[in-house]
Amino acid sequence: MVLCTLLLLLLQSSLLAAAAKVPAVIVFGDSSVDAGNNNFIPTIARSNFEPYGRDFEGGRPTGRFSNGKIPTDFICEAMGIKEYVPAYLDPKYNISDFATGVTFASAATGYDNATSDSVIPLWKQLEYYKEYQKKLGTYLGEARANQTISEALHMMSLGTNDFLENYYAFPGRSSRYTPREYQSFLAGIAENFIRELYGLGARKISLGGLPPMGCLPLERTTNIVGGNECVPSYNTIALEFNDKLKKMTINLNKELPGMKLVFSNPYFILLHIIRKPSLYGFQSASVACCATGMFEMGYACSRGNMFSCSDASKYVFWDSFHPTEKTNSIVANYVVNNVLSQFL
């Protein structure tokens with residue numbers, strides 16, 4: 001009788017684990033999670049050329065802003081689903097591919113529509129998601145499609161461009177908002193977006209935080225007065241904004257029944273890598289692999305540039321704005337083990 005009871009408990013445990021397994025990873029955001037959507041819209045914010053993707057499967061550029069995989073690829077793989085998350089606008093893929101994972105992300109976008117000129121704004125990513133849901137219903141049947149949506153992990157990763165490529169780059173928003181007011185403005189957009197996802201059936205959502213954006217090679221290069229060190233004010237903004245997002249997740253989880261919203265914060269693990277690169281096997285954290293490693297990203301990363309590094313795994317950053325595949329894997333592993341493991 002005891003043995004039968006134990007076997008029954010083990011079986012129930014296995015069934016619960018199977019039921020809780022994430023069937024798909026669905027992604028919204030910017031270049032940190034864009035797998036190539038920008039290849040198919042009229043914009044210069046692209047990376048579908050060498051040397052981008054040189055360490056990706058087949059050594060080919062895909063539109064990912066890295067030498068290889070991006071964090072969502074590693075997360076999808078850790079969930080036991082597939083090796084990478086395809087871009088929704090890529091005609092090579094169809095709904096059979098997207099049923100287990102898709103990204104609507106667009107490089108250079110942000111929460112703020114004013115940030116997203118010439119790329120896919122967040123509201124448009126949501127429209128693509130609605131279109132995707134209809135296709136999924138036709139492909140899987142309504143009942144199974146609804147179950148997939150409710151059990152899928154929905155990921156959001158954006159916000160850096162709103163500050164570095166909008167608020168601090170142009171006078172529009174900075175003349176209208178103080179830094180903290182702008183943080184609240186963006187947090188409000190994030191909250192509304194999460195409510196929209198919830199209304200469309202999403203129940204498992206990961207809200208990504210900002211990295212230590214003052215430590216990006218581009219910001220360090222231009223911080224001449226500060227001795228090319230990290231820009232403290234930008235890191236403070238990231239910490240303050242992350243605090244707002246974290247508090248929001250707590251409040252929304254209380255308010256929305258059945259919601260499991262988590263805050264995935266890359267700030268501290270990435271800062272630790274930048275401050276102690278040798279602990280992770282890196283040789284450089286202040287300059288990037290591509291070209292001179294100080295200013296270049298996108299088209300400025302020429303495959304013929306004699307300065308580009310030969311081994312990206314020795315660098316924390318691939319270009320002046322984006323991490324290498326190795327860094328992405330470390331950050332993704334940290335987030336999976338410390339935050340997303342509750343979905344497994």
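Every number in this text was worked out from the coordinates using simple rules, so none of it is lab data. Just so it is clear, the model here is predicted, and its values are computed rather than measured. Neighbour counts are summed over all protein chains in view; Cβ atoms, including those assigned to glycine, are modelled from backbone coordinates with ideal geometry.
In sequence order, what are the phi-derived ³J(HN,Hα) couplings for the range 314-322 according to the Karplus relation 6.51 cos²θ - 1.76 cosθ + 1.60 with θ = phi - 60°, rounded to whole Hz, with x for glycine and proline? For the range 314-322, the Karplus curve yields 8, 10, 6, 10, 7, 10, 6, 10, 10 Hz. Relative to the longest principal axis of the Cα atoms of the chain, the long axis of helix 325-338 lies at roughly 40 degrees.
Between His154 and Ile26, Lys204, Ile205, Ser206, the built amide H atoms are under 5 Å apart, and every one of these is 5 or more places off in sequence or on another chain. Residues whose amide H falls under 5 Å from that of Ser264, counting only those 5 or more places apart or on a different chain, are Leu207, Gly208, Gly209, with hydrogens built in the peptide plane. Averaged over residues, the count of other Cβ atoms within 10 Å places the peptides 263-272, 319-328 in the sequence 319-328, 263-272, highest first. Peptide packing for 34-42, 169-177, 143-151 was compared via the average number of neighbouring C-beta atoms within 10 Å per residue; ordered from the highest value, the list is 34-42, 143-151, 169-177. On a 0 to 90 degree scale, rounded to 10, what angle separates helix 179-199 from the longest Cα axis of the chain? That helix lies at roughly 30 degrees to the long axis. Over the chain, dividing the summed -39,500 (n - 2.57) contributions of all DSSP H runs of at least 4 residues by the number of residues returns a 222 nm mean residue ellipticity of -12500 deg cm²/dmol.
Please work out whether the range 113-194 counts as rounded, prolate or oblate from its C-alpha gyration tensor, where a ≥ b ≥ c are the square roots of the eigenvalues and a/c under 1.5 means rounded, while otherwise a/b larger than b/c means prolate and anything else oblate? Verdict is prolate for the range 113-194. Each peptide in 75-88, 152-165 gets a packing score, the mean of other Cβ atoms within 10 Å over its residues, and the list from highest to lowest is 152-165, 75-88. Close amide H partners of Arg46, meaning residues 5 or more places away or on another chain with modelled amide H under 5 Å apart, are Tyr299.
Relative to the dominant Cα principal axis of the chain, helix 142-151 is inclined by about 60°. The range 247-301 and the range 111-144 have Cα centres lying 25 Å from one another. Among the listed pairs Lys92/Lys130; Lys69/Lys254; Lys92/Lys276, those whose Cα-Cα separation exceeds 32 Å are Lys69/Lys254; Lys92/Lys276.
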